[in-house]
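The values are calculated or read from the model by the stated rules, or taken from the named source; none is laboratory data. From a predicted model like this one, the values you see are computed outputs, not experimental measurements. With ideal geometry, Cβ positions are generated from the backbone for all residues, glycine too; neighbour counts draw on all protein chains shown. In case anyone asks, the SASA skips ligands and DNA or RNA and just uses the protein heavy atoms, side chains included. Shrake-Rupley method; radii C 1.70, N 1.55, O 1.52, S 1.80 Å.
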Amino acid sequence: MMTEERVTVYTPDSSLRNPAKMIREMFGDIAASRELSWRLAVRDICAHYRQAFLGILWAFILPLANTLTWIFLSSTGIVAVRETALPYTIYVFTGTMLWAILMDAMNAPLQQINAARGMLAKLNFPREALIVSGIYQALFNATIKIVLLLGALLILGIYPGWSLLLFPLGVLSLVLIGTSIGLLILPVGMLYTDIGRALQLLMQFLMYVTPVVFPMPKEGWAANLFRINPLTPIILTTRDWLTNFPPEFLGYFVLVNVIAILLLLFVWVIYRLSMPILIERMSS
C-alpha cells in the first residue's frame, strides 16, 4: 500500500501575507510533530537522569535546599518574615517547588534549541517538535515535584481537600507562562548567551517580589509591587488549591492566563518566522 507523502512548497512570500494559512500550518506542524517530540522528550529525560548519580532526586533536592536555607534564615532571625497563614516551612517549601516548575518550563525552549543545533542545520522537521518536547520534559519534572510535595505535605500534617482537583490547572498555568517567557527571549537568547544569564538574575529578583518565600506585605510600595506582579496570582492560587485554602486572586489568575495564551500565540509566530534566519546564522 502506498502512503501519501506530505509535500512542502517554499515561496519567497512572507507567511504574514496569509494569516489563515499560517495558522493552519502552525497547528498542522504541531500535529505532525507529536511522535517526534515524544521520542525526543523520552530520549532527553533518560539521558539526563541516567547520567546523574542521584537521578530524579535532583528534581527534589534543589528546591528542598532552597527551602532549608530560608527556614534557617527565618528561624535565626537573620531575615524577619511576617507570619503566614500556613506554617512557614510549608509556605516556603510549596513556593519554591512551584517556582522551580515555572523555571523549568521557562528554560526549556532555549535548552532544547541549543541542544539541537546540529539537527536543525542538517534535517528538515517541524521546529515545534523541540518546543513540545521541552513542555513534555517540564511536565515530567513537575510530576516528580508534585508527588514528592504531596508526600511531604502529608508528613507535615497538611491534608489537601477537593480543591486538589483544580491544582493541575495551576501547574499547567505555570508551564504555560514559563514556556511563553522562554519563547519570547529565545530568538535573542540564541544569538547572545548573555541574555540567558541576565534572565536568570531577573527571575531571581522577581522571586523576591512574588509570594514564594515572602508573604505579601499588607501596605506600602512593596505591597503594590507584589500586587501588580502577574506571577503573584499564579503562585498564590496554585498554592491555595494545593493546601485547601480559598483562592483570593482567582479573577486575576484567569486574566493572567488569558494574556499568557495570547502571548504564547504571538511568540509562536515570531518563533516560526525567526527560526530560518537563526538556523542560517548558526550554520555560518
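Just checking, which of 152, 121, 129 is under 17 Å from the mean Cα position of the chain (by Cα) and in contact (Cβ under 8 Å) with a residue 40 or more places away in the chain?
One residue alone meets the criteria, 129.
Within segment 142-151, is even one residue open to solvent by 30 Å² or more (accessible area, probe 1.4 Å), assigned to a helix (DSSP H, G or I) and under 16 Å from residue 114 (Cα atoms)?
There is no residue in segment 142-151 that is open to solvent by 30 Å² or more (accessible area, probe 1.4 Å), assigned to a helix (DSSP H, G or I) and under 16 Å from residue 114 (Cα atoms).
For segment 204-225, give me each residue that is open to solvent by 10 Å² or more (accessible area, probe 1.4 Å) and in a helix (DSSP H, G or I).
204, 205, 206, 208, 221, 222, 224, 225
Out of segment 159-168, which residues are open to solvent by 30 Å² or more (accessible area, probe 1.4 Å) and either closer than 20 Å to residue 235 by Cβ or part of a helix (DSSP H, G or I) (or both)?
Selection gives 160, 162, 164, 165, 166, 168.
Keeping to segment 184-223, report how many residues are in contact with a Pro (Cβ under 9 Å, 6 or more places away or on another chain) and free of Cβ contacts under 8 Å to residues at least 24 places away in the same chain.
The total comes to 1.
Quick check, is residue 157 on the phi > 0 side of the Ramachandran plot and at pLDDT below 90?
It is true that residue 157 is on the phi > 0 side of the Ramachandran plot and at pLDDT below 90.
Among 272, 239, 197, 281, which is the only one that is assigned to a helix (DSSP H, G or I), touching a Leu at 6+ places or on another chain (Cβ under 8 Å) and open to solvent by 20 Å² or more (accessible area, probe 1.4 Å)?
281
Could you give me the residue pairs with C-beta distances under 8 Å whose first residue belongs to segment 167-180 and is closer than 14 Å to residue 240 by Cα, whose second residue is outside any helix (DSSP H, G or I) wherever it lies, and which are 6+ apart or on separate chains?
Going by the 8 Å Cβ cut-off, the qualifying pairs are 167/160.
Can you tell me which residue within segment 129-141, out of those that are of a type in the set (S, T, N, Q) and modelled with pLDDT of 90 or more, is most open to solvent (accessible area, probe 1.4 Å)?
Filtering segment 129-141 for residues that are of a type in the set (S, T, N, Q) and modelled with pLDDT of 90 or more, the one most open to solvent (accessible area, probe 1.4 Å) comes out as 137.
Mind checking which residues of segment 102-118 are surrounded by fewer than 23 Cβ atoms within 10 Å (Cβ to Cβ) and either without any contact (Cβ under 8 Å) to a residue 12 or more places away in the chain or over 23 Å from residue 231 (Cβ atoms) (or both)?
114, 115, 116, 117, 118 - these are the residues of segment 102-118 that are surrounded by fewer than 23 Cβ atoms within 10 Å (Cβ to Cβ) and either without any contact (Cβ under 8 Å) to a residue 12 or more places away in the chain or over 23 Å from residue 231 (Cβ atoms) (or both).
Restricting to segment 204-256, name every residue that is within 22 Å of residue 100 (Cβ to Cβ) and of a type in the set (D, E, K, R).
239, 240
Return the residues of segment 35-72 that are open to solvent by 40 Å² or more (accessible area, probe 1.4 Å) and modelled with pLDDT of 85 or more; say none if nothing qualifies.
Answer for segment 35-72, where residues must be open to solvent by 40 Å² or more (accessible area, probe 1.4 Å) and modelled with pLDDT of 85 or more: 35, 36, 38, 39, 42, 43.
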